[in-house]
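Notes follow once the structure below has been shown.
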Amino acid sequence: MSAIGVMAMPADFRYREVFLKGKPRHDQYDPFRAKHPRMNRGHRAKIFAPFDALKGFNEAVSAKDVLYEDRIELNPEDSEELDRRLSILHNLTYNSRMARANRVQVSVTYYQPCQDKEHDAYGLRGQYQTITGICWNVDADVERTITIDRIKLSLDDVIRIEAPGDIFRINWADPWEESVRAE
């Protein structure tokens, strides 16, 4: 027996000559190369991509890593400020013509309860998310909702409303008082 590297090869090995020739080398104009061109790395990587035997398992595991928190209760001052901002937005968007004319862009931070029934926080905790868009409607009386870019949010879940510019700095209840202060 002769040894090549660490592998022992029997003397009567049928493919001994082929094995001893080594890896075949093909030049650029070889007919084999023309018939079987090299595969690019992107296609080659696809062949050896991992197989996902358990569909959705990775998503389920990553869903457990999401951190949820308790709902924050606003203190009376913050609650009054939020109500003031909602009334200003209501005055600017009280009908669809006013909403289209003013096109008030706001960022609303709201509480969204945990939607995953398999998570420990389901029904107990949630996440705070922020959405930015045009405020189209504030219904503080009947439905108690605010509509931002076709998304209706409950006013009970809203914790903060921000807007670029100074629309919340002006006292919309009494514009005469604001102009007297400016003088």
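Odds and ends about this structure:
- The calculated P(r) of the chain, using every Cα pair and 5 Å bins from 0, goes 1, 6, 9, 10, 9, 8, 7, 6, 5, 4, 4, 4, 4, 5, 4, 4, 4, 3, 1, 1, 0, 0 in percent.
- GNM top mover of 106, 138, 18 - the chain, alpha-carbon springs below 10 Å: 18
- Across 77, 17, 59, mean-square fluctuation computed from a Gaussian network of the chain (C-alpha pairs under 10 Å connected) peaks at 17.
- Dipole magnitude (debye, nearest 20) for region 97-160, charges at Cβ of Lys, Arg, Asp, Glu: 400
- Cβ-based charge dipole, region 15-183, positive-most Cα from 68, 87, 140: 68
- Its Cα centre serving as origin, region 15-183 has a Cβ charge dipole (Lys and Arg +1, Asp and Glu -1) of approximately 2400 debye.
- 0 to 90° range, to nearest 10: angle between helix 76-92 axis and the chain longest Cα axis: 90
- Local net charge near residue 165, Cβ-Cβ under 14 Å (Lys/Arg +1, Asp/Glu -1): +1
- For the pair residue 20 and residue 51, a Förster radius of 41 Å applied to the C-beta separation gives a FRET efficiency near 0.65, rounded to the nearest 0.05.
- Candidates 75, 95, 137: whichever shows maximal mean-square fluctuation once the chain is modelled as a Gaussian network with Cα springs under 10 Å: 75
Read-outs: derived from the displayed coordinates by stated rules, not from any lab. Only a predicted model underlies this, so the values are computations on that prediction, with no experimental measurement involved. Note that each Cβ is placed from the backbone with ideal geometry, even for glycine, and that neighbours are counted across all protein chains shown.
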